[in-house]
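Everything below concerns the one structure shown next.
The values are calculated or read from the model by the stated rules, or taken from the named source; none is laboratory data. Since the structure is predicted, the reported quantities are computational estimates derived from the model, not experimental observations. Cβ atoms come from the backbone with ideal geometry, glycine included; neighbour counts cover every protein chain shown.
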Amino acid sequence: MSEAIFERIRALLDSRGMRYEVVEHGETLNSAASAAARGLPLAVSAKALLLKADDRFVLAVLRADRKLDSRAARRLLGARKLRFATREELAAHTGGLIPGAVPPFGSPVLLFELFVDASVAEGPDVAFNAGLLTRSIIMTTDAYLALTGHTPCHISCPMEENRDGASQNPQFAFVRSLSE
């Protein structure tokens, strides 16, 4: 985990005069636990997913109560193959971050092309783990979107639905291959 990433985020937010809140909490291993530790609904949380699209890595950010729509993401990225980065790839390309600690920022925090799902823009605030499983940042959604400079795209779908509209267990929403 990375105190350096957290400090990079704080420096970026401070340099832009952004208002934000830092929340210290126990270690959280998933989005639901992080939201509970913050005392916020899951829909306020953003999750950052490092993806491998053909031969490049990109960062996708979506609301934590949603899942990646692999077809929409492949289409947007113009990729034939799309998959989640492995733990080893994630650590190697982020300076040692682990799943759940990845913040929702591209450059200058993480050097990846950034894709922010429209679901993130649906609420007034956004909360996320900031390089550590024990520290979160909460800021306004407008400030987050202004800071990233990205127009939201459509790369997610409701957690409870799969491509066929059938119900799906949220615990296993990310088990299937994204290249399907």
It is to be established whether one or more residues within region 5-27 are closer than 18 Å to Ser156 by Cβ and touching a strand residue (DSSP E or B) at 6+ places or on another chain (Cβ under 8 Å). no
Scan region 46-67 and give yes if some residue there is in contact (Cβ under 8 Å) with a residue 60 or more places away in the chain, surrounded by 13 or more Cβ atoms within 10 Å (Cβ to Cβ), among the aliphatic types (A, V, I, L, M) and part of a loop (DSSP other than H, G, I, E, B), otherwise no. no
Filter pass, Ala72 being assigned to a helix (DSSP H, G or I) and either among the acidic types (Asp, Glu) or under 13 Å from Cys153 (Cβ atoms) (or both): yes
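Identify the residue in region 78-125 that is part of a strand (DSSP E or B) and within 11 Å of the chain's Cα centre (by Cα) and, among all such residues, is surrounded by the fewest Cβ atoms within 10 Å (Cβ to Cβ).
To start, the set of residues in region 78-125 that are part of a strand (DSSP E or B) comprises 82-84, 113-117, 125.
From the residues that got through so far, the ones that are within 11 Å of the chain's Cα centre (by Cα) too are 114-117.
On the way: Leu114: 18, Phe115: 23, Val116: 25, Asp117: 25.
Across region 78-125, the extreme among qualifying residues is Leu114.
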Please verify whether Ala32 is at pLDDT below 95, surrounded by 15 or more Cβ atoms within 10 Å (Cβ to Cβ) and part of a helix (DSSP H, G or I), treating the condition exactly as stated. yes
Can you pull out every residue in region 12-29 that is within 15 Å of Gly131 (Cβ to Cβ), of a type outside the set (A, V, I, L, M, F, W, C) and loosely packed, with under 15 Cβ neighbours inside 10 Å? Glu24, Glu27
Which of the residues belonging to region 35-45 are in contact (Cβ under 8 Å) with a residue 12 or more places away in the chain, hydrophobic (A, V, I, L, M, F, W, C) and not in a loop (DSSP other than H, G, I, E, B)? Ala35, Ala37, Leu42, Ala43, Val44
